[in-house]
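Worksheet: the structure to be examined is printed underneath.
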């Protein structure tokens, strides 16, 4: 079973994603960027769902760190955010993100995107 790491500082958001994905994937959870980077280095998930707006280290900073590390650079990162700003697309593409999903999302849409990117790894 493939592993998806969910990174979000809001437990409610994590709980929703876990409910949507737990039947199809092993799930890892992190509440902040520092822990997410450590989890990725240790467990090598098949994909990371990454919130953008988090304290201390935002999702773009986390993605840049992951993509600069040979151990984690090939893990696809899908950004998830309630903020749909035009400049976010430039930022997630520039830092190496694979895709972007706006909250609220539909379960089938998020599964479709995850499956598309996991099948490429």
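Computed from the C-beta positions of residue 108 and residue 64, the FRET efficiency with R₀ = 30 Å rounds to 0.50. In terms of other Cβ atoms within 10 Å, 79, 105 run from fewest to most in the order 105, 79. Working from Cα pairs under 8 Å separated by at least six residues, relative contact order for the chain is 23 percent. Highest mobility in the GNM of the chain, judged by mean-square fluctuation with C-alpha springs under 10 Å and restricted to 78, 27, 48, is found for 27. Here's the picture: a label point sits 7 Å out from the Cα of residue 24 along the beta-carbon direction, and within region 33-51 the residues with their amide nitrogen under 15 Å of it are 46-49.
Can you tell me how region 3-113 classifies by the Cα gyration tensor, rounded, prolate or oblate, using a/c under 1.5 as the rounded cut? Rounded, since a/c falls under 1.5.
Each of 41, 108 has some number of other Cβ atoms within 10 Å of its Cβ, and from fewest to most they run 108, 41.
Sorting 3, 102, 72, 42 by the number of Cβ atoms found within 10 Å of their own Cβ, with the fewest placed first, yields 42, 102, 3, 72.
Largest GNM mean-square fluctuation among 38, 19, 61, using the chain with Cα springs under 10 Å: 19. By DSSP, the beta bridges lying fully in region 2-74 are antiparallel in about 0 percent of cases.
Computed from the coordinates by the stated procedures, all read-outs in this text should not be read as laboratory data. What you see is a predicted model; the values in this text were computed from it and never measured. Glycine also receives a Cβ, built like all others from the backbone with ideal geometry; neighbour counts cover every protein chain displayed.
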